[in-house]
Amino acid sequence: MSPKRILIISTPVGPLGSGEGGGVELTLHSLVLGLTGRGHHVEVLAPERSLHVGTVVHQTHGTLQPTAHTAHRDTPVIIPPDGVLAAMCEWARANQEHFDVILNLAYDWLPLYLTPYFAITPLAHLVSMATLSETMDDVIERAAALRPRNVAMHSQAQADTFPTLAHSVPIIASGIAVERYDLHITADEPRHLGFIGRISPEKGLADVVAVAAATGLPLKVWGLMQDQATWDAAIAAHPEAQVSYEGFLPTDDLQAAIGGCAAVVMAPKWVEAFGNVAIEAMATGVPVIAYRRGGPAEIVVDGETGFLVEPDDIDGLIAAVGRIDELDRVECRQRVEEEYSIEALAARVDRWLDVVIECHRSSWSSESA
Ligand code: UDP
């Protein structure tokens with residue numbers, strides 16, 4: 001494979017390091033490390049005040065986009081004046097001849113809509129969320145219809161939420177720098193559970209607090225406080241639960257903090273496109289107990305690296321917590337090393353981008369013939 005020049009467009013909802021972009025921020029970092037490790041030249045376009053990610057980051061001025069996490073089916077597209085997303089798209093368009101491929105990570109209408117208008121360099125999209133709104137479904141399906149190779153997803157469950165694409169898009173999963181995560185062979189005593197994720201309605205914190213209340217195990221919560229009302233409601237519903245908010249930590253501190261958990265519990269109410277926190281927990285040896293819904297259901301091997309229970313079955317989560325000792329923490333780590341390393345992620349993305357570039361070249365030459 002020859003070295004490629006790759007431009008990555010980051011999420012426009014917050015600077016890298018703010019946490020507003022959720023798992024996209026970590027995925028972007030993994031992509032930079034993995035793709036440069038394979039000899040490619042990678043540059044990043046991101047909102048100003050983004051953290052350094054080990055390569056050139058073009059800090060872009062402009063108004064941040066609202067996040068799509070809590071969108072409804074009829075939520076319209078919002079394009080603020082002086083928007084950072086438009087500025088990043090414009091920079092990519094004006095500089096496209098300096099790159100072999102542009103990889104968009106923004107789950108937003110504008111870059112998807114622009115797909116066919118990038119004539120010199122193909123604009124590819126790693127879609128970071130499942131279906132949320134009619135407008136986004138429409139533009140994702142339109143981009144894939146016009147440029148069938150240019151759209152990829154993180155999990156099959158995510159792809160299945162876009163019926164016209166379910167069987168045609170590459171599934172890329174995600175990956176982390178496993179060597180930056182310390183394996184904890186045993187859980188800390190006294191035992192406690194973990195919740196890692198944005199405090200936002202779709203993440204299902206209330207169900208995990210209910211599990212803590214029923215089992216009597218303390219619950220430690222790490223993640224960006226995006227919606228205080230979600231936190232307050234979860235705590236108010238189970239005042240007897242021992243819950244502590246541990247803050248939003250940078251990756252190195254997060255990995256050191258979570259390794260002592262007996263298990264991490266994931267109870268998302270939406271179809272999680274992947275769930276980076278599942279592989280981060282497993283990399284530290286912590287098994288994952290999750291609903292059989294979305295990405296976590298593809299990551300967790302039931303009965304080996306965690307337990308999968310029927311969606312919204314809190315009693316099932318509680319029963320699974322009682323069986324944590326059946327799980328092997330070393331196997332959790334091994335699974336991440338095999339499937340979700342940065343190298344494995346970059347190899348999958350590299351293969352996909354080669355196809356994107358090749359198809360773009362052949363359609364270009366046939367159009368100009
Ligand atoms: N995260 C973090 N610090 C914290 C808690 C979470 O950096 O204290 C990061 C975590 O590393 C992960 C992201 O938040 O990359 C959450 O991503 P995930 O894919 O699990 O869900 P999303 O937020 O994208 O829906």
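The values are calculated or read from the model by the stated rules, or taken from the named source; none is laboratory data. What you see is a predicted model, and the numbers here were worked out from it, not measured in a lab. Don't worry about glycine lacking a Cβ; one is built from the backbone with ideal geometry, like all the others, and counts go over all protein chains shown. Ligands, DNA and RNA are excluded from the accessible area calculation, which covers all protein heavy atoms including side chains. Shrake-Rupley method; radii C 1.70, N 1.55, O 1.52, S 1.80 Å.
The residues on offer are ALA212, ALA173, and the sole one that is part of a helix (DSSP H, G or I) and either crowded, with 22+ Cβ neighbours inside 10 Å or modelled with pLDDT of 95 or more (or both) is ALA212. Going through (1) away from the ligand (no atom under 16 Å from the Cβ); (2) of a type outside the set (A, V, I, L, M, F, W, C); (3) open to solvent by less than 10 Å² (accessible area, probe 1.4 Å) one by one, GLN158 falls short only on (1).
Please specify each residue of segment 185-198 satisfying the condition of being in contact with a helix residue (DSSP H, G or I) (Cβ under 7 Å, 6 or more places away or on another chain) and either loosely packed, with under 13 Cβ neighbours inside 10 Å or outside any strand (DSSP E or B) (or both). Break it down stepwise before answering.
Taking segment 185-198 as the starting set, the residues that turn out to be in contact with a helix residue (DSSP H, G or I) (Cβ under 7 Å, 6 or more places away or on another chain) are 185, 193-197.
Listed by number, the residues that qualify are ILE185, GLY197.
No other residue among LEU33, LEU26, LEU64 is aliphatic (A, V, I, L, M), within 13 Å of the ligand (Cβ to nearest atom) and open to solvent by 10 Å² or more (accessible area, probe 1.4 Å) apart from LEU26.
You will find that of ILE172, ILE235, the residue that is within 15 Å of the ligand (Cβ to nearest atom) and in contact with a strand residue (DSSP E or B) (Cβ under 9 Å, 6 or more places away or on another chain) is ILE172 and no other.
Entry remark, segment 84-115: residues being over 23 Å from the mean Cα position of the chain (by Cα) and open to solvent by less than 70 Å² (accessible area, probe 1.4 Å) number 6 in total. Entry remark, segment 135-178: residues being farther than 15 Å from ALA273 by Cα and among the small types (Gly, Ala, Ser) number 5 in total.
Just to verify a result, which residue in segment 116-129, among those that are farther than 25 Å from ASP74 by Cβ and under 18 Å from the mean Cα position of the chain (by Cα), is nearest to the ligand (Cβ to nearest atom)? Even if it seems obvious, please write down each step before you answer.
From segment 116-129, those farther than 25 Å from ASP74 by Cβ are 116-124, 126; that's our starting set.
When the remaining residues are screened for being under 18 Å from the mean Cα position of the chain (by Cα), the result is 124, 126.
Values: ALA124: 19, LEU126: 12 Å.
In this case the residue turns out to be LEU126.
Filtering segment 146-185 to residues that are farther than 21 Å from ILE299 by Cα and not hydrophobic (A, V, I, L, M, F, W, C) leaves ARG147, PRO148, ARG149, ASN150, PRO163, THR164.
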